[in-house]
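Report on the following structure.
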Amino acid sequence: MLSKAMEKSLNEQIALEGYASFLYLSMASWCENQTLTGCAAFMFRQSEEERQHMLRIFHYINDVGEHALTPAVAQPPYEWPSIQVLLEQVYAHEQKVSASIDRLVAQSYEEKDHKTLSFLQWYVEEQREEETLMRTILDRIRLIGEGPQSLYYIDKEISAINKIQVAEKAAEGGA
Ligand code: FEO
């Protein structure tokens, strides 16, 4: 059982995670079109992770006897002026998701909804990790700079980060 307000807030979080999955899928497609294959692999994986984040909430709502709703699919952007701008937008989107998770945590406290509070702890940790990852990526990109071969090195760097992430997630037992 959830309060109606909590059911609505969690369904809104499903929509936010679902949108992130589609936004990152669109970004993966743009990267692939730019022959940034390392960045594309990273964004495809991020997209899949967001889908898993969405499904985790989906199952939670239904498991406690409420009704998880499939969100409408909004068309995400599909063009970016540069890979730098694209990655800055990923970071901005992650910050938006973190703020939304923080609001859900605050709501759980207010409602004394301990099971939802406990359920959300995984997301608090996941968001901390995702924000740290994106800050690391943006710092490396700034170090590489914008010289003529920067795209080559950015793609190589993100490909290497992606491979580390895949290995770490596999060691943890999945996304
Ligand atoms: Fe599920 Fe990256 O927010």
Rounded to the nearest 10 degrees, what's the angle between the helix 150-172 long axis and the longest principal axis of the chain, both from Cα atoms, 0 to 90?
40
Please identify, among 57, 144, 14, the residue showing maximal mean-square fluctuation in a Gaussian network model of the chain using a 10 angstrom Cα cutoff.
144
Computed, not fitted: 222 nm per-residue ellipticity of the chain from DSSP H runs ≥ 4 (each -39500 (n - 2.57)), nearest 500, equal to -28500 deg cm²/dmol
Output the 0 to 90 degree angle, nearest 10, between the alpha-carbon long axis of helix 4-33 and the longest principal axis computed from the alpha carbons of the chain.
10
Under a cut-off of 17 Å between alpha-carbon atoms, report the lysines in cross-link reach of residue 8, not counting same-chain residues fewer than 8 places apart.
112, 115
For the stretch 4-171, report the accessible area per residue in Å² (1.4 Å probe, heavy atoms, rounded to an integer).
53
The orientation-averaged projected area of the Cα convex hull of the chain, in nm², is 10.1
How big is the dipole moment of the chain about its Cα centre under a simple scheme where the beta carbon of each Lys and Arg is +1, that of each Asp and Glu is -1, and everything else is neutral? Debye, nearest 20, please.
60
Treating the beta-carbon of each Lys and Arg as +1 and of each Asp and Glu as -1, no other charges, what is the dipole magnitude of the stretch 5-92 about its Cα centre, to the nearest 20 debye?
80
Kindly sort 114, 59 by accessible area of their heavy atoms, largest first, with the probe set to 1.4 Å.
114, 59
State the answer as a single residue: which of 147, 62, 104 lies farthest towards the positive end of the charge dipole of the stretch 20-175, with beta carbon charges of +1 for Lys and Arg and -1 for Asp and Glu, about the Cα centre.
147
Once ligands and nucleic acids are excluded and a 1.4 Å probe is used, how much of residue 56 is accessible, expressed in Å² to the nearest 10?
90
Could you give the angle, 0 to 90 degrees to the nearest 10, between helix 37-63's Cα long axis and the longest principal axis of the Cα atoms of the chain?
0
Cα coordinate range in the stretch 134-175, projected on the principal axes (Å, largest first)
39, 18, 10
Using alpha carbons only, how many angstrom separate the centre of the stretch 98-175 from the centre of the stretch 8-63?
12
If ligands, DNA and RNA are left out, what is the accessible area of residue 164 with a 1.4 Å probe, given in Å² to the nearest 10?
100
log10 I(q)/I(0) for the stretch 84-154, Debye formula on C-alpha points only (no solvent), q = 0.21 Å⁻¹, two decimals, reads -0.85
With a 1.4 Å probe and all protein chains kept in place, how much accessible area does residue 63 have, in Å² rounded to the nearest 10?
130
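The values are calculated or read from the model by the stated rules, or taken from the named source; none is laboratory data. This is a predicted model, so every value here is computed, not measured. We place every Cβ from the backbone using ideal geometry, glycine too, and count neighbours over all the protein chains shown. Ligands, DNA and RNA are excluded from the accessible area calculation, which covers all protein heavy atoms including side chains. Shrake-Rupley method; radii C 1.70, N 1.55, O 1.52, S 1.80 Å.
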